[in-house]
Structures are given as C-alpha cells and as structure tokens.
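First the structure, in the form of structure tokens, and then the observations on it.
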Amino acid sequence: MGAVQKVLLLEGIHMGAQQRFQEAGIETDLLSGALPEIELIEKIQGYTVVGIRSKSQLKESVLSRALHLNAIGAFCIGTNQIDLRYANSIGVPVFNAPYSNTRSVAELVISEMIALSRNLGDINSLAHKGQWKKSAKGHREVRGKTLGIVGYGHIGSQVSVLAESLGLNVIYYDIVKKLPLGNATAMESMEELLIHSDFVTLHVPETDMTRNMIGEKQLESMKPASYLINASRGTVVVIEALVRFLKSGHLSGAAVDVFPKEPKNNQEAFESPLCGLENVLLTPHIGGSTEEAQVAIGQEVSESLIRYLQMGSTFGAVNFPQVEPGIKSEKAQRVLNVHKNVPGVMKEINSLVSNAGANIVSQHLSTDENIGYLVMDFESEGIVQLAKEIDSMDFSIKTRRV
Ligand code: NAI
C-alpha cells in the first residue's frame with residue numbers, strides 16, 4: 001500500500017526519463033528492447049511502474065499478472081498496444097505524451113510547402129543521378145500564397161504561426177470553434193477552404209468523420225496547381241483519387257507522411273500507388289520523429305508518472321478519472337483509493353473515516369462509468385490502519401498512501 005516505487009523502462013526510452021525518476025528519488029531500471037510476453041510477465045513482478053514505447057504489448061494476459069503495478073507510461077503518442085479498459089478496471093492509469101512532437105510535425109509541414117513549391121524532391125534525385133535541371137518554370141515562392149489548414153488543433157495552430165512568419169495568408173477549418181492565431185481566418189466550411197488555398201495541409205484525428213475525408217469531390221474543389229500535404233492519418237485521404245488528380249496535373253504536387261497501410265518495421269517493403277509520381281514527397285511517418293521530440297516525450301511522461309506516484313495526480317491519464325489534488329500540506333497524510341463505481345461507496349468510506357475519528361482536510365473524487373478515484377488528505381493519527389480498512393472493502397480495487 002505504501003510500497004516503495006520501482007520503475008522499469010523498456011525499449012530504449014530516452015535517458016532523460018531515468019534521470020528525472022532518479023532526481024525524484026525513484027529507483028529505475030532501463031532495458032534497451034521490448035520483452036516477449038513470458039519474460040515480460042516475469043520481469044514486471046518486481047516493479048510498480050512500467051514504461052514502454054510501441055513494441056511492448058500490455059494486454060490483459062500480461063496486466064492480470066502484474067500484481068504490484070500502479071501505473072503505466074506510454075513513452076509515445078499512441079496507446080493501442082495497451083489494454084486501456086483492463087488497466088482501468090485494475091486501477092492502473094496510463095500516461096502518454098500526445099503533444100511532445102507537435103512542433104516537429106509543424107516544421108516538417110513548413111519544409112514540405114517550400115520543397116513542393118520548388119520541386120526539390122525531383123531535382124535533388126536528378127542531380128544525384130548526374131542530371132542538371134536548372135529552370136524557374138513552375139517554381140514559386142511561398143510568400144503571399146494561401147495556406148489552408150484543416151484541423152486547427154495543436155499541430156494545425158503551430159503550422160499557422162510558422163506559416164504567417166513566412167508571409168503566407170492562413171485560413172483554417174475546424175469542426176470546433178477555435179480562436180484564430182495571428183491573422184489567420186476561420187472558414188465556414190472545408191469546401192470554402194479548398195477553393196481558396198494554394199496549399200492544403202491536414203491535421204485532423206482519425207475518426208469516422210475524417211475517414212476518406214479528402215476524396216474525388218474535395219480534390220476537384222482544390223485550386224488548379226495547388227498542393228496537398230497529409231501528415232495526419234493515412235485513412236484521411238483516398239489515395240487512388242489523389243493519384244488521379246496528380247496525374248491529371250490538377251494538383252502540382254503532394255507530400256504524404258502517413259498511409260492507409262504502413263510497413264510494421266524498417267525491414268518490410270513500402271508500397272503505394274503514389275510511388276514514382278512527379279513532385280510527390282513520400283516520408284515514412286516521421287512527422288513527429290525528432291531527437292527533440294524523444295527528449296520531450298521522456299520528460300512529459302516521466303513528469304506525469306512522478307506526479308501520480310508522489311501526489312496521486314491523474315491529470316492527462318488516457319484511461320482514468322481525472323483528479324488533480326495538488327501538493328499536500330506537510331502535516332497531512334494522503335490516501336488514494338480506486339474503487340468500483342457502485343452506489344454507496346462514499347457512504348461506507350465516510351463511515352470508516354468517522355469511526356476512526358479521522359480529520360479529513362480535503363477530499364477529491366472523480367468517476368467514470370466503471371471506477372471511482374478518491375484522494376483524501378488527513379491530519380490525524382491512525383491513517384495506516386484506516387487505509388487498510390478502506391482497502392479491504394469489497395468495492396476497493398487499489399489503495400495507496402503517499
Ligand atoms: P488535436 O486533437 O490537437 O487537433 C485536431 C483538430 O482537428 C481539433 O481541433 C479537432 O477539432 C479538429 N477536427 C476533428 N475532426 C475534424 C473534422 N472532421 N474537420 C475539421 N477539423 C476536425 O491533434 P494534433 O495533436 O494537432 O494532431 C493532429 C493529427 O496529427 C492527428 O491525426 C495525429 O494522429 C497526427 N499526428 C501525426 C504525426 C506524424 O508523425 N505524422 C505525429 C503526431 C500527430
């Protein structure tokens with residue numbers, strides 16, 4: 001319950017994360033690779049926190065045997081490799097780093113706008129093959145052109161700021177009303193944005209609404225000789241339609257970082273109908289892959305885990321009720337309880353507190369459909385025994401003291 005925390009970091013997570021845990025006085029072990037399931041089950045017995053990237057699979061078969069696990073760190077963006085529902089049901093929050101690579105994606109998009117305008121991809125390949133193709137025809141500056149951003153979230157709005165500094169006019173479309181940054185202008189519809197943009201860049205999540213969002217009809221609405229950039233999700237663009245509009249010359253080029261079907265690793269071959277087309281930049285989903293982003297991910301996730309271990313904060317957890325209890329007073333003792341979300345829990349806990357004669361100085365509760373997460377600060381004696389009693393109740397899933 002008040003167990004010593006020990007962290008296992010797998011898959012070569014950035015050293016900065018280990019350093020951060022050590023500064024916080026938390027013992028940490030680092031492994032360079034992922035472990036096969038049987039070895040993983042055995043290894044994580046000795047740890048209260050496990051940190052992974054995308055290769056380790058933390059499914060029910062592993063989590064159900066990780067008896068001492070308090071929290072999981074996904075040192076990446078996606079969390080598909082973790083059974084989030086099951087982790088929630090055993091009282092284990094999962095933290096990731098959704099915004100550590102925002103700037104990296106935005107910078108890639110800006111570089112692609114300029115590269116497409118100057119046909120850099122093709123003339124660079126030709127020069128490597130010994131061909132000198134000096135020409136100004138069809139090569140343009142980006143200054144004064146209009147950039148249309150679809151999805152004005154974290155990445156879209158960063159692109160907006162950077163593009164304006166290069167002298168582009170920025171317009172955007174988002175399904176949610178968003179505050180325009182700088183001189184950017186919101187469009188009423190995506191259609192309106194497509195008609196007016198010299199460059200269209202997509203920064204939407206993968207949802208039912210965004211699947212195949214850019215198809216034949218939308219490409220036809222785009223300005224003749226304009227460019228499309230997709231560094232969001234591969235399913236957002238209908239690739240076959242894009243190929244047709246590139247071949248017909250309606251679009252002058254495209255930059256694509258994400259594909260409906262992507263190789264699982266660097267050994268698998270990459271195939272796409274876009275391969276071999278003129279002025280098409282193809283990159284292997286590297287929008288967010290920079291050294292800076294890796295450092296930032298290491299810091300962001302380790303920070304969230306430390307705040308959970310030391311304060312009980314679940315702010316930013318992807319599968320857990322959010323509680324941000326802040327720092328407790330020096331005199332206080334904090335009890336964290338995860339319980340099944342069934343009627344009468346608070347009544348029973350409060351009666352245990354009352355019977356113990358304990359003095360609650362603060363109480364925070366947040367619930368989702370399955371569980372409740374309660375953080376209580378006490379300034380009185382006998383809290384160790386009280387926490388044990390709370391933990392022994394039928395509805396309790398996990399109880400910890402910090
Ligand atoms: P975000 O959640 O901050 O922003 C997404 C925005 O899209 C929101 O403002 C939302 O309201 C808007 N949106 C949702 N559905 C829409 C629709 N149908 N039409 C117009 N707007 C819509 O997300 P963030 O961090 O900006 O990421 C955007 C995308 O970039 C995501 O798909 C993410 O997976 C992808 N991404 C790609 C990376 C890469 O390596 N290429 C790295 C990081 C993120």
Checklist entry - Around PHE270, with a cut-off of 10 angstrom between Cβ atoms, what is the net charge of the other residues, counting Lys and Arg +1 and Asp and Glu -1? => result -2
Next on the checklist: Under 15 Å between alpha carbons, and skipping anything fewer than 8 positions from LYS398 in its own chain: which aspartates and glutamates qualify?
Outcome noted: GLU389
Checklist entry - What do you get for Rg/Rh over the chain if you use C-alpha atoms and the Kirkwood form of Rh? => result 1.07
Item to check | Solvent-accessible area per residue for the chain (1.4 angstrom probe, square angstrom) | outcome: 50 Å²
Checklist entry - So, with a 1.4 angstrom probe, what is the percent of accessible area on the stretch 102-282 that is carbon and sulfur? => result 53 percent
Item to check | Under 5 Å, built H, 5+ apart or other chain: amide partners of LYS145 | outcome: ASN169
Checklist entry - What is the extension gain from SER362 to GLU27, computed as 0.36 nm multiplied by their sequence separation minus the C-alpha to C-alpha distance, in nm to one decimal? => result 117.6 nm
Next on the checklist: Taking only complete DSSP H runs, can you tell me which helices of the chain stretch 15 Å or more along their own long axis by Cα positions and average at least 0.0 on the Kyte-Doolittle scale?
Outcome noted: 102-117, 154-165, 345-356
Checklist outcome for this item: Among LYS43/LYS264; LYS137/LYS247; LYS177/LYS217; LYS129/LYS264; LYS59/LYS264; LYS178/LYS223, the pairs whose Cα-Cα distance exceeds 22 Å are LYS43/LYS264; LYS177/LYS217; LYS129/LYS264; LYS178/LYS223
Checklist entry - Cα convex hull of the stretch 322-394: mean projected area in nm², to one decimal? => result 4.6 nm²
Next on the checklist: With the crude spin-label approximation of a point 7 Å out along Cα→Cβ, what separation in nm comes out for GLU39 versus VAL4?
Outcome noted: 2.6 nm
Checklist outcome for this item: So, over other residues within a Cβ distance under 12 Å of ALA231, counting Lys, Arg +1 and Asp, Glu -1, the net charge is -2
Item to check | Residue-count net charge about HIS154 - beta-carbon cut-off 14 Å; Lys, Arg +1, Asp, Glu -1 | outcome: -1
Checklist entry - Ignoring ligands, DNA and RNA, how do HIS14, HIS68, HIS139, HIS128 rank by accessible area with a 1.4 Å probe, largest first? => result HIS128, HIS68, HIS14, HIS139
Next on the checklist: Looking only at the chain, where both bridge partners belong to it, what percent of the DSSP beta bridges are antiparallel (to the nearest 5)?
Outcome noted: 35 percent
Checklist entry - What order do LYS388, LYS55 take when sorted by accessible area (1.4 Å probe), most exposed first? => result LYS55, LYS388
Checklist entry - Between GLU240 and VAL295, 0.36 nm times their residue separation minus their Cα-Cα distance comes to what? => result 16.1 nm
Checklist entry - Picking from ILE390, MET346, VAL238, whose Cα lies most toward the positive end of the charge dipole for the chain (charges on Cβ: Lys, Arg +1; Asp, Glu -1)? => result VAL238
Checklist entry - Label-point separation (nm) for ILE77 and SER165, each offset 7 Å from Cα along Cα-to-Cβ? => result 2.1 nm
Checklist entry - Regarding the stretch 1-69, what whole-number volume in Å³ per residue does the convex hull of its Cα atoms give? => result 75 Å³
Item to check | Share of pairwise Cα separations in the stretch 162-228, more than 20 Å, in percent | outcome: 29 percent
Next on the checklist: If I ignore ligands, DNA and RNA and count only protein heavy atoms, how much of LYS59 is accessible to a 1.4 Å probe, in Å² to the nearest 10?
Outcome noted: 70 Å²
Checklist entry - Among GLY276, THR185, ASN124, whose Cα sits farthest toward the positive end of the charge dipole of the stretch 102-282 (+1 at Cβ of Lys/Arg, -1 at Cβ of Asp/Glu, about the Cα centre)? => result ASN124
Item to check | Residues listed by number, the stretch 200-241, amide nitrogen under 15 Å from GLU278 label point at 7 Å toward C-beta | outcome: 225-226
Next on the checklist: Need one value: the accessible area of LEU84 in square angstrom, 1.4 angstrom probe, rounded to the nearest 10.
Outcome noted: 50 Å²
Checklist entry - Once fully extended, how much extra length lies between GLU271 and SER64, figured as 0.36 nm per residue of separation less the alpha-carbon to alpha-carbon distance? => result 70.7 nm
Checklist entry - How would SER248, SER197, SER221 line up by accessible area, probe 1.4 Å, largest first? => result SER248, SER221, SER197
Item to check | Surface/4 of the Cα convex hull for the stretch 1-152, nm² | outcome: 14.3 nm²
Checklist entry - Which whole-number percentage describes the relative contact order of the stretch 102-282, with Cα contacts under 8 Å and a sequence gap of 6 or more? => result 20 percent
Next on the checklist: Once ligands and nucleic acids are excluded and a 1.4 Å probe is used, how much of PHE95 is accessible, expressed in Å² to the nearest 10?
Outcome noted: 0 Å²
Next on the checklist: Can you compute the equivalent ellipsoid semi-axes for the stretch 102-282, i.e. the square root of 5 times each eigenvalue of the Cα gyration tensor, sorted largest first and rounded to whole Å?
Outcome noted: 25, 20, 16
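The values are calculated or read from the model by the stated rules, or taken from the named source; none is laboratory data. Everything quoted here is computed from the prediction, not taken from an experiment. Positions of Cβ are generated from backbone atoms using ideal geometry, with glycine treated the same way; all protein chains shown enter the neighbour counts. Ligands, DNA and RNA are stripped out before the accessible areas are found, and what is left, the full protein with its side chains, is counted by its heavy atoms. Shrake-Rupley method; radii C 1.70, N 1.55, O 1.52, S 1.80 Å.
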